[in-house]
Amino acid sequence: MRTPTQSLRVGVIRGGIGDEYEVSLSTGGSVLKHLPERHKSHDILITRDGVWHWQGLPIEPKQLAGRVDLIFNALHGEYGEDGQVQGVLDEAGLPYTGAGRVPAKLAMDKSAAKQIFAREGLFVAPGMIIEPDEEPVAAAKRVFLAISPFWIVKPLNGGSSVGVAVARTLSELAQAIATSRQSATRLLVERLISGREATCGVVDDFRGREHYALPPIEIRRPSGKSFWDYQDKYSGATSEICPGNFSAEEKGMIEEAAVVAHKALGLRHYSRTDFILTPKRIYVLETNALPGLTSESLLPKAIAAVGCPYPQFLDHILALTVENR
């Protein structure tokens, strides 16, 4: 566990231009609430139209240099988690928490991340990209001929299950593609893998390990749900068991895969990877470069399960950022 040697001026950026604006507000609010008191925190709001605000007034990111020592990136999804804001902060010369520009972009691109996972020997679901100019019915027929049912349709870049839909017939698939287009132009269609759901966080340089896997959490959806959707994630509707009811072998495999995914994408500080467990194997769904830190989020629950108070975890992340690790 690391602790910064000095008190810090911490700018917490939250909000943003994407669909996860509200979640980011909650993550940022949680960070602001739990930062150790010896640090001076500053709430930096980015509005839906992309304007940065300092103490209620518009400000350019480069003007933050000299006002804060580092940025705690509490954004999610588009702009905050796809490498864009990381590029802005790099240009402004501001250290920041979480993934760097290129790793963040890779993690957000589900197709690119899957290719990296497969090269590392991890199992991924068969999938196909649907381009913006493909008509939904024609795209559905192309998928139907290549991937056996059922299917899950999701934005190629996105998080929090925004714009995700499940299809069981050809007509449902075409409708799901049309519906998901409302959230993103490029889509990923995958075979829907049925099994037990799990997620596992990784924290860097924690408790003597370069990459420390937190206890895997078992996620039990409400009855009748095909996947863990946006409402389930943030309403408390799911049952989240931490540590999950996994065998020692399953636990070890999940933790190892989470660390492999974290390292393969070049992520830093912390991440969280989602899985589906079938009787034959463990599939990687995606890795979150900036997982939520709200009261309903899973990473804080896993941190608590290993006896680490939330403020100490935040202090650890700040120390890694100062050390540029």
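The values are calculated or read from the model by the stated rules, or taken from the named source; none is laboratory data. In this text the structure is predicted, and so the values were computed from the model without any measurement. In this analysis, Cβ positions are derived from the backbone assuming ideal geometry, glycine residues included, and neighbour counts consider all displayed protein chains.
A few points about this structure:
- Hey, Val51 under 19 Å from Ser271 (Cβ atoms) and either modelled with pLDDT under 95 or not assigned by TED's automatic domain parsing to the domain that holds Thr294 (or both) or not: no
- Close pairs (9 angstrom Cβ cut-off, 6 or more residues apart or separate chains): free of Cβ contacts under 8 Å to residues at least 12 places away in the same chain in segment 100-127, in a helix (DSSP H, G or I) and of a type in the set (Lys, Arg) anywhere: Ala112/Lys105
- Matching entry among Leu214, Leu156 (being in contact (Cβ under 8 Å) with a residue 40 or more places away in the chain, closer than 17 Å to Thr273 by Cα, assigned by TED's automatic domain parsing to the domain that holds Ala302 and within 17 Å of the chain's Cα centre (by Cα)): Leu214
- A single entry from Gln115, Gln182 fulfils the requirement of being of a type in the set (S, T, N, Q), within 28 Å of Pro279 (Cα to Cα) and within 24 Å of the chain's Cα centre (by Cα): Gln115.
- Only a single criterion out of (1) under 28 Å from Thr179 (Cα atoms); (2) modelled with pLDDT of 95 or more; (3) of a type outside the set (A, V, I, L, M) is not satisfied by Glu131, namely (2).
- In segment 1-22, residue nearest to Thr97 (Cα to Cα) [restricted to those that are surrounded by fewer than 17 Cβ atoms within 10 Å (Cβ to Cβ) and of a type outside the set (Val, Ile, Thr)]: Arg9
- Glu78, sole failed condition from (1) at negative phi; (2) touching a residue at least 60 places away in the same chain (Cβ under 8 Å); (3) in contact with a Ser or Thr (Cβ under 9 Å, 6 or more places away or on another chain): (3)
- The number of residues in segment 1-52 being more than 30 Å from Gln182 (Cβ to Cβ) and assigned to a loop (DSSP other than H, G, I, E, B) comes to 13.
- Restricting attention to segment 1-26, the residues that are touching an Asp or Glu at 6+ places or on another chain (Cβ under 9 Å), closer than 18 Å to Tyr310 by Cβ and hydrophobic (A, V, I, L, M, F, W, C) total 4.
- Elements of type helices (runs of 4 or more DSSP H) contained in segment 228-325, each with 2 or more residues being at pLDDT 95 or above and surrounded by 20 or more Cβ atoms within 10 Å (Cβ to Cβ): 248-264, 298-305, 310-322
- Pick from segment 23-57, criterion under 19 Å from the mean Cα position of the chain (by Cα) and not aliphatic (A, V, I, L, M), ranking: surrounded by the fewest Cβ atoms within 10 Å (Cβ to Cβ): Gly29
- Leading residue by the ranking (surrounded by the most Cβ atoms within 10 Å (Cβ to Cβ)) among those in segment 176-226 that are in a strand (DSSP E or B) and of a type in the set (Ser, Thr, Tyr): Thr199
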